[in-house]
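Scroll down for the structure; my scribbles are underneath it.
Each value in this text was obtained by applying a stated rule to the coordinates, not by laboratory testing. The model shown is predicted, which means the values in this text are computed figures rather than measured ones. Here the Cβ is made from the backbone with ideal geometry for all residues, glycine too, and neighbour counts use every protein chain on show.
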Amino acid sequence: MNRRTLLKNIGKTFLLGSLATTSTLMSLGAHAAPNPAAKVVYHVDFKDPTRYSATLTSINNIINYYESEFMEADVHLVFVGFGLRFTTDDPLKGTPYEADQELLTRQAELKGRLDALIKTRDVKVHLCDKTREEVNLPQSAVYPSIQFTASGVAKIAILQSQGYAYLKVQ
């Protein structure tokens, strides 16, 4: 038998073996698992607009990466404490979370980027209602696409217990 015939026979044997294995696995109910969803929760409890901007960029980047790998991304963003500053146009005067000039200058841009992540990237956004109540901010003053959660840190803990990776931009 020459080399070419030998390689052809090996190829046929490999193909038949692969088909038999696939057929056996399918008859046992096994099938290829789809790529699982990438589950991530971001935590925002800081007041720095540049750091918050980096968080929004990170969220967009992680979603882009997962999409390039044909994975679904399930991303949550939870605001607690100083993060309240990024969920409203209210200047929060007289509160510990009062908007400074840097935030006021960048507020429209940051709001637009958050809104785009919510509407086009399906990011789920939560605000700690304890923080909101602490400063008597009406729910109507919070951006409309943001959901309220009784406790932001509890929401993060629950998501982590459900397999979400915890991320916080430093």
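Summary of computed values
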| quantity | calculated |
| --- | --- |
| Filter pass, V169 being within 15 Å of L56 (Cα to Cα), touching a residue at least 60 places away in the same chain (Cβ under 8 Å) and in contact with a strand residue (DSSP E or B) (Cβ under 8 Å, 6 or more places away or on another chain) | yes |
| Matching residues, segment 134-150, being in a loop (DSSP other than H, G, I, E, B) and over 26 Å from I63 (Cβ atoms) | V135, N136, L137, P138, A150 |
| Subset of segment 37-94 that is of a type in the set (A, V, I, L, M) and in a helix (DSSP H, G or I) - its residue that is surrounded by the fewest Cβ atoms within 10 Å (Cβ to Cβ) | A54 |
| Residue match in segment 115-133 (condition: assigned to a loop (DSSP other than H, G, I, E, B) and surrounded by 15 or more Cβ atoms within 10 Å (Cβ to Cβ)) | yes |
